Amino acid sequence: MDWERQFAGRMRRVSPSPIMELIAILGKRQAINFASGLPDPAGFPIAALRAESEAILADDWRAGLQYGEAEGYRPLREWVAADLAARGIPATADGVLIVNGSQQGIDLVGRALLSPGDVVLTENPTYLAALQVFDSFEATVRAIPTDEEGIDVEAAAAYLRQPGVKLLYLMPNHQNPSGISLAASRRRPLLEAARAAGVPILSDEAYLHLRYDSGAAAPLAAGDPEAPVITLGTFSKTIAPGLRVAYLAGPAPLVGRLGLLKQITDLHTGSFTQRLVHRYVSSGQYPDQVARLCAAYRDKRDAFLAALQARLEGQATWSRPAGGMFLLLRLPEGRPAAALLPSALDHGVAFVPGAAFFPGGDGQESMRLNFLSPALAEIEEGVVRLARAIAG
């Protein structure tokens, strides 16, 4: 059978991620990996997770290994609601949906709100996998200019008033791929513009907790509790991504409908992993875990920026993130990063060409660099190799 003829038309829009293709290449050759989207496994709280897993299997195995509610494990939803409330977002357990990673949250919101031809507004650049989700629903993505203080609010307000706009997606804290955060002075005007236009914001807070500079990062929705914000959060970056436990929070009627979508998608997030995450975060160990990660990751961020300054000053420019996992490096105009990648791999270092993160069609000279995945001792050597590749 010719299976290509059997696919629905929308499947023509589903294409491989360039990041996953690069990971496949790296599986066959040695390189210092600045291309990964992975957190450092050295930060996973293995001993605590082992102990909590054993406790579930001893005391709660009947429920932990059984089917559960589509909306998620109620105690975990209550914990998330309380945590959001402490951060300035009025939330209840009925307004929280536990999902299989924040990626599923993006997918559920897209399925629920987007029809073919609807417009989604995003930062430029933005999270590649979100763009792929929106494209799979045959939506039109319009890119809003972004600078070192985040999205251009005046431009966003103008776009929000245009017909056909159904959603604004952004990462307000330490975003992927640039690491920049939305400035405090821009948050309330953006929220007010969305509320006036009647367009919901999907606020992806995947990197909220990974803050290395002074001052705590605040979730976008805390800036105006009346604004139409759907908040996505995850435990992937602070506990372990393989658990696939994240959450979506918003108005209870919306979350209830999204719960129905989740039910027909995969029934529910894993009963065991939800209990594991809940036991861990409610045990009092979570704040110390986040603090340990931030201390270790701060050292890596600082080492990376120092190496770039020493090796590439005058040859490139780059973002200076206050947190998160990534920074965006730009080569001089006319030097596409994708053309440099084979040479970089030959020198033993990998990066992700940045163009795919730019729905506006620019970004050819940019590359995304992950400063968390490599070991601290590898960072200097990796930047040396990158500098050699850039120098030709």
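The values are calculated or read from the model by the stated rules, or taken from the named source; none is laboratory data. Just so we're clear, the structure is a prediction, and the values are computed from it rather than from any experiment. Here the Cβ positions follow ideal geometry from the backbone for every residue, glycine too, while neighbour counts run over all protein chains shown. Side chains included, ligands, DNA and RNA excluded: accessible areas come from the protein's heavy atoms. Shrake-Rupley method; radii C 1.70, N 1.55, O 1.52, S 1.80 Å.
Which order do Asp346, Asp288 take by accessible area at a 1.4 Å probe, largest first?
These residues rank, largest area first, as Asp346, Asp288.
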Can you give the direction-averaged projected area of the convex hull of the alpha-carbon atoms in region 151-192, in nm²?
3.2
Helix-derived [θ] at 222 nm for the chain: sum -39500 (n - 2.57) over DSSP H runs of at least 4, divide by residue count, nearest 500?
-13000 deg cm²/dmol
Carbon and sulfur together cover what percent of the accessible area of the chain at a 1.4 Å probe radius?
53
Roughly how large, in nm² to one decimal, is the mean projection of the convex hull of the alpha-carbon atoms in region 168-255?
6.3
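Note down the Stokes-Einstein diffusion coefficient of region 275-371 in µm²/s, whole number, using a Kirkwood radius over alpha carbon pairs, 37 °C, and 0.692 mPa s. Mind dumping the intermediate values first?
Working: Rh = 15.5 Å.
Estimated diffusion coefficient is 211 µm²/s.
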Which chymotrypsin sites (Phe, Trp or Tyr not before Pro) does region 1-71 hold that lie in a coil by DSSP with at most 15 other beta carbons within 10 Å?
Phe7, Tyr67
Computed over region 1-45, the ratio Rg/Rh where both radii use C-alpha atoms and Rh is Kirkwood
1.21
Extent of region 109-259 along each principal axis, from alpha carbon coordinates, in Å, largest to smallest?
39, 34, 28
Sites matching trypsin sites (Lys or Arg not before Pro) across region 29-87 that sit in DSSP coil, with at most 13 neighbouring C-beta atoms within 10 Å:
Arg29
Please calculate the 1.4 Å probe accessible area of Tyr73, with all protein chains present, and give it to the nearest 10 Å².
50
Please compute the contact order of the chain in relative form: average sequence separation of alpha-carbon pairs under 8 Å and at least six residues apart, divided by the residue count, as a percent.
24
When we measure straight from the Cα of Lys237, which aspartates and glutamates land under 20 angstrom away, once same-chain ones fewer than 8 places off are left out?
Asp40, Glu52, Asp83, Asp107, Asp204, Glu205, Asp213, Asp288, Asp299, Asp302
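Mean 1/r over all different Cα pairs, inverted: what Kirkwood radius does region 214-287 give, in Å?
Mean inverse Cα-Cα distance, inverted, gives 14.3 Å.
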Hydrodynamic radius (Kirkwood) for region 36-167, which is based on Cα pairs only, to one decimal in Å
18.3
Name the most mobile residue of Ile19, Ile230, Ile144, meaning the one with the largest mean-square fluctuation, in a Gaussian network model of the chain with Cα contacts below 10 Å.
Ile19
Identified option (computed mean projected area of the Cα convex hull in nm²; candidates (i) 26.8; (ii) 24.8; (iii) 20.5):
(iii)
GNM flexibility winner over the chain from Leu167, Leu329, Leu57 (Cα, springs under 10 Å)
Leu57
Taking only protein heavy atoms and a 1.4 Å probe, what accessible area per residue, in Å², does the chain have with all protein chains in place?
43
For Arg142, list long-range residues whose amide hydrogen, built 1.01 Å from N in the peptide plane, is under 5 Å from its own amide hydrogen.
Val120, Leu121, Thr122
